[in-house]
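The values are calculated or read from the model by the stated rules, or taken from the named source; none is laboratory data. The model shown is predicted, which means the values in this text are computed figures rather than measured ones. Here the Cβ positions follow ideal geometry from the backbone for every residue, glycine too, while neighbour counts run over all protein chains shown. Calculation scope for accessible area: heavy atoms of the full protein, side chains included, ligands and nucleic acids excluded. Shrake-Rupley method; radii C 1.70, N 1.55, O 1.52, S 1.80 Å.
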Amino acid sequence: MVHGIDDLARAIRERRAILFVGAGVSMSVGLPSWEELVAHMCEELGVPPGEVETGTGAGYQMLAEYYRITRGSIGPLRSWMDRRWAVSPEQVAKSKLHDLIVALDFPIIYTTNYDRNLEVAYELRGRPHIKIANAKDLTSVADGPTQIVKFHGDFEDDRSLVLTESDYFSRLSFDSPLDVKLRADALGRTVLFIGYSMSDLNIRLLLHKIWYTWQASGFERDRPRSYVFMAHPNPIQEAILDSWGITILNERGKNPEEALVRFLAELKKRAAEE
């Protein structure tokens with residue numbers, strides 16, 4: 001385990017940490033990968049899969065943009081995603097990963113996933129929570145319940161979805177209500193990112209924006225350190241993230257899901273220690 005987990009555990013114990021959840025967590029309960037989404041759009045649009053570049057993480061966004069242009073809206077695509085990405089409560093109930101996320105009791109959880117798996121995990125375990133997917137939801141924020149912030153939107157609100165290339169470009173300014181909330185939440189707290197690949201340009205941009213906000217403030221040395229869990233980090237990613245004040249944490253496991261479960265279990269154990 002990389003040095004730094006004790007500081008992270010202390011921040012969780014003192015409720016000074018927030019969690020950022022990516023697609024890897026949803027895939028652990030059976031949701032399809034982005035590659036399957038690309039394959040579906042290619043089939044529906046008659047586009048040869050070889051013409052879509054997915055290595056940069058932006059291929060599906062361009063394809064979704066093309067879908068919107070040719071079909072007039074992404075409504076049918078969203079409906080397909082909603083049906084295909086539906087996970088039964090029984091699957092979520094059996095998920096050790098979701099059990100650990102709820103048990104760690106973060107006051108705020110951000111997620112770029114559109115599905116309801118996190119909300120279902122809290123409902124099944126009888127833990128209070130509130131979903132925030134748009135500006136209107138911000139008016140319902142109250143102390144106590146865990147805030148689950150759907151940073152890229154929610155299937156229940158088509159207008160909130162960040163899916164096409166234009167959607168992502170519109171978010172680059174980071175001045176939407178949820179962006180303003182993120183900056184306020186992240187400035188004074190430790191942030192832990194799980195379920196992300198550092199090949200994802202969008203998450204790297206987000207990490208850079210958080211770092212830049214602190215650097216521009218003139219108080220960069222006072223910033224709480226943030227963390228990214230990666231099952232298979234590499235020296236290049238580690239050096240870049242470290243320059244942004246972000247520590248990579250990892251754990252052994254037969255696969256990324258097992259490694260993440262072992263990491264969160266150890267984190268829970270240490271957070272419980274006085």
**Report entry** Matching residues, the range 1-39, being farther than 20 Å from Thr247 by Cα and either hydroxyl-bearing (Ser, Thr, Tyr) or surrounded by fewer than 18 Cβ atoms within 10 Å (Cβ to Cβ) (or both)
**Finding:** Ser26, Met27, Ser28, Gly30, Pro32, Ser33, Trp34, Glu35, Glu36, Ala39
Report summary line: All-but-one check, Trp211 against (1) in contact with a strand residue (DSSP E or B) (Cβ under 8 Å, 6 or more places away or on another chain); (2) closer than 27 Å to Ala121 by Cβ, failing number (2)
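Given the residues Ala259, Ala265, which is the only one that is in contact (Cβ under 8 Å) with a residue 24 or more places away in the chain, more than 25 Å from Phe169 (Cα to Cα), touching a Leu at 6+ places or on another chain (Cβ under 7 Å) and open to solvent by less than 70 Å² (accessible area, probe 1.4 Å)?
On the way: Ala259 fails: touching a Leu at 6+ places or on another chain (Cβ under 7 Å).
Going through Ala259, Ala265 in turn, just one is in contact (Cβ under 8 Å) with a residue 24 or more places away in the chain, more than 25 Å from Phe169 (Cα to Cα), touching a Leu at 6+ places or on another chain (Cβ under 7 Å) and open to solvent by less than 70 Å² (accessible area, probe 1.4 Å): Ala265.
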Query raised in the report: Can you pull out the residues in the range 153-163 that are in contact with a helix residue (DSSP H, G or I) (Cβ under 8 Å, 6 or more places away or on another chain) and either surrounded by fewer than 22 Cβ atoms within 10 Å (Cβ to Cβ) or closer than 12 Å to Asp115 by Cα (or both)?
Result: Gly153, Asp154, Phe155, Asp158, Leu161, Val162
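Report yes if Asp137 is open to solvent by 30 Å² or more (accessible area, probe 1.4 Å) and in a helix (DSSP H, G or I), otherwise no. Step through it out loud before you land on a result.
On the way: open to solvent by 30 Å² or more (accessible area, probe 1.4 Å): yes; in a helix (DSSP H, G or I): yes.
Yes: the conditions hold for Asp137.
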Report task. Looking only at the range 16-33, decide whether some residue is of a type in the set (Lys, Arg), assigned to a helix (DSSP H, G or I) and out of contact with any helix residue (DSSP H, G or I) (no Cβ under 6 Å at 6 or more places or on another chain). Result -> no
Query raised in the report: For residues in the range 208-245 being touching a residue at least 40 places away in the same chain (Cβ under 8 Å) and not hydroxyl-bearing (Ser, Thr, Tyr), which is farthest from Asp6 (Cα to Cα)?
Result: Leu241
Report task. Evaluate the range 152-167: report whether one residue or more is closer than 29 Å to Glu266 by Cβ, in contact with a Leu (Cβ under 9 Å, 6 or more places away or on another chain) and aromatic (Phe, Trp, Tyr). Result -> no
Query - Which numbered condition Tyr60 fails, given (1) under 25 Å from Leu206 (Cα atoms); (2) of a type outside the set (Gly, Ala, Ser); (3) touching a Cys at 6+ places or on another chain (Cβ under 7 Å) - result: (3)
Query raised in the report: Taking the range 1-59, which residues are modelled with pLDDT of 80 or more and of a type in the set (Ser, Thr, Tyr)?
Result: Ser26, Ser28
